[in-house]
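First the structure, in the form of structure tokens, and then the observations on it.
The values are calculated or read from the model by the stated rules, or taken from the named source; none is laboratory data. The shown structure was predicted, so the numbers you read here are calculated from the model rather than taken from an experiment. Methodologically, a virtual Cβ is constructed for each residue, glycine included, from the backbone with ideal geometry; neighbour enumeration extends over all protein chains shown.
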Amino acid sequence: METLLANTDQLARLCNEVDVEPGLDALTRRLQELVPGAALSRVLTRGNWHRLGGVIDGAYQPVSDNITLWAERESGGDVDELIAKYLGKGYFATRLAGKTHYLTAPCGEGAEDFIQLEIEELQEVLDRPLVDPDWFPDSLEEFIDPLDYPRLEPEPVGKARYIFRRITPVRKLLEEIGNAGHGKDGLQRFFTDWSHSSASETGPFCRYWVLVLQHYTDSDSESHFTARPVSTFSGELPVLPPGGSLQGAELANAIHDYDRELGYPFAWYFIMLSHKSANYALAEAVLRDQTGAYDYIPARDLEVLQRWERRPYAV
């Protein structure tokens, strides 16, 4: 595992070398060759995001791969001059359509003992005409990234490619965000609850969850960091059972059916915690049943649930 952490340059080169067309399994095999003893698995792909691209001419030949730098250079800071220069030339702006592939490998006994590898799959596609005679931006920033502008069908103009994004040793990450004062209590409790619950009997945490990491700067130029658990469940997550209207055998069947669909026990609890607008009445209903005539969750899960009741949290 240290090989992966110490050789990010090698990871970047490998991602650049591997062709996208054969699929992710080919990339995973090449990555696994770097760490033969690690159980590296592709667990999740998140798509439907994009970044600014570049500029191409009317024949789809590249003019620049970075529209921001190109526009700043060509305009000299004057957006009207830029528009006058390229009006009628038939140029296009492009964007990079992206997916993020998450691969994980356990490296210890704890839920947080895993390595997370993020690899982006990017493809340059048509975005819009560079200059539209019926639309003139008020600033260079609006020219580069307009909000209200006629868009084109996202026709590919380049080959898809893999880009290495980052590799994260999650236990070390927890230590770092705690030391930096970003707060990790909820996230640490999430890992601890997994380790103490029946969910941990099914397999490593990192087969069922990844951390979506984000760095951003707010309007006051303050830097922020978030680490949010996201389920690796394929497809749209099923809706949690309605705790406010079920009890007893009906509630027991509902949560067990939910767990079976997700693929591990006590799944409903962890999905509930990962959605801050979730139906916490579900947890309260299960607790009421357990203190009454029903006994349909394992003792270790009940202990986790009771701790949550004393000090609720979400992630």
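Annotations
- When the strands (runs of 3 or more DSSP E) confined to the range 79-192 are screened for residues that are under 19 Å from L213 (Cβ atoms), at pLDDT 95 or above and in contact with a Gly (Cβ under 8 Å, 6 or more places away or on another chain), those reaching at least 3 such residues are found at 92-106, 114-129.
Listed here are the residues, each with its yes/no results for (1) assigned by TED's automatic domain parsing to the domain that holds A12; (2) surrounded by fewer than 19 Cβ atoms within 10 Å (Cβ to Cβ); (3) without any contact (Cβ under 8 Å) to a residue 40 or more places away in the chain; (4) not hydroxyl-bearing (S, T, Y).
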site: G76; (1), (2), (3), (4): yes, yes, yes, yes
site: E81; (1), (2), (3), (4): yes, yes, yes, yes
site: A93; (1), (2), (3), (4): yes, no, no, yes
site: G98; (1), (2), (3), (4): yes, yes, no, yes
site: Y102; (1), (2), (3), (4): yes, no, no, no
site: F114; (1), (2), (3), (4): yes, no, no, yes
site: E118; (1), (2), (3), (4): yes, no, no, yes
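- Meeting the requirement of 2 or more residues that are more than 24 Å from G203 (Cβ to Cβ) and more than 27 Å from the chain's Cα centre (by Cα), the helices (runs of 4 or more DSSP H) wholly within the range 224-315 are 248-262, 281-290, 299-310.
- Within the option set L122, L82, being aliphatic (A, V, I, L, M) and touching a helix residue (DSSP H, G or I) at 6+ places or on another chain (Cβ under 6 Å) holds for one residue only, L82.
- Matching residues, the range 14-60, being surrounded by 12 or more Cβ atoms within 10 Å (Cβ to Cβ) and part of a helix (DSSP H, G or I): L14, C15, L24, A26, L27, T28, R29, R30, L31, Q32, L34
- Hits in the range 259-282 - residues which are among the small types (G, A, S) and more than 13 Å from Q247 (Cβ to Cβ): G263, A267, S274, S277, A278
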